[in-house]
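Here's the structure we're looking at; comments come further down.
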Amino acid sequence: MRYELMLPYQIRQAIAGNWPVVLPLGVLEYHGEHMAVGMDTLAVTKTLELLEREMDLVILPAFYYGASSYAVEPPEGNGSVHVDAGKLFPLAEEMFTGLLRVGFRNIHFFIHHQSENFAAGMPTDLAFKFAARQAIFAFLAKERGEGWWGNKEMADYYSAQARAADPFNWIKGHPLLTPEALKSYPFDHAGEGETSLMLALCSEAVDMARHDQARWYTGSARQASAQTDAKGRDLILAHMRDVLGKRWRRPGRSAGQGAFLSPSP
Ligand SMILES: [Zn+2]
């Protein structure tokens, strides 16, 4: 379900069912002459729309204003919009605090932009990861008081980690493509990998007639193929099913029912 279209009773139902609540996190960045600037974010939103047809899921409005950086091209006439990570952090902390106050305890963000080494992190995901940690600490201190961790009710803290029940699992960040997926799928910027993904997920964001061979990083886009397209999409879907907990849609509730999904292209 799209969060912005949910009624309060549906939000309460999602909280009671501990549905995954997912923030598509991304940027607006130049992706060659042949691809739309929203590519990194669209890759997340379009995959989530496919996943929403098979499982209970709350999709938050996408956040497009990450730290794109101007490393690829300057913004003038090219379209990249960069927001510094130091500015993103307080905003993200407030967003996560708000979601915790609503009652969600199964919050996730997925990011594709600069996620080729997600464990080390890059400015946008690091800002949101840090914000998630700070929001959880502050929320717990406010709700339970100082010394909450030392209380005897927390005696199962370490075993709770194994069950994914500890509070630091309330908000988790994930790369769109896992290190495992990257062994068999090309990661690039506006090359074969990203162009294929867009062709599979959002073909209106690609116009190969505009392809410009002059830039090194877009050269391989010509090799984008139907085979690569489906492979990337399926790798991402499998990963999302895995981390969101395989919470399949309850029987009797058809895909899109109350979900306000736009028709598939
Ligand atoms: Zn990209």
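The values are calculated or read from the model by the stated rules, or taken from the named source; none is laboratory data. Not measured: the values here are computed from a predicted model. Neighbour counts are summed over all protein chains in view; Cβ atoms, including those assigned to glycine, are modelled from backbone coordinates with ideal geometry.
A few points about this structure:
- Checking each residue in the stretch 95-131 for being part of a strand (DSSP E or B) and more than 16 Å from the ligand (Cβ to nearest atom) picks out 107, 108, 109.
- Unmet requirement for residue 143, which otherwise passes all of (1) assigned to a loop (DSSP other than H, G, I, E, B); (2) over 23 Å from the mean Cα position of the chain (by Cα): (1)
- Options 30, 64; residue that is within 13 Å of the ligand (Cβ to nearest atom), aromatic (Phe, Trp, Tyr) and closer than 27 Å to residue 137 by Cα: 64
- Residue match in the stretch 179-187 (condition: within 11 Å of the ligand (Cβ to nearest atom), outside any strand (DSSP E or B), more than 16 Å from the chain's Cα centre (by Cα) and surrounded by 15 or more Cβ atoms within 10 Å (Cβ to Cβ)): yes
- Taken together, 23, 42 contain a single residue that is modelled with pLDDT of 95 or more and within 16 Å of the ligand (Cβ to nearest atom), which is 42.
- First in the stretch 219-238 and exposed (fewer than 14 other Cβ atoms within 10 Å of the Cβ), second anywhere and outside any helix (DSSP H, G or I), Cβ under 7 Å, 6 or more apart: none
Table: residues versus (1) among the hydroxyl-bearing types (Ser, Thr, Tyr); (2) touching a helix residue (DSSP H, G or I) at 6+ places or on another chain (Cβ under 7 Å); (3) buried (at least 21 other Cβ atoms within 10 Å of the Cβ).
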| position | (1), (2), (3) |
| --- | --- |
| 110 | no, yes, yes |
| 119 | no, no, no |
| 122 | no, no, no |
| 125 | no, no, yes |
| 129 | no, no, no |
| 144 | no, no, no |
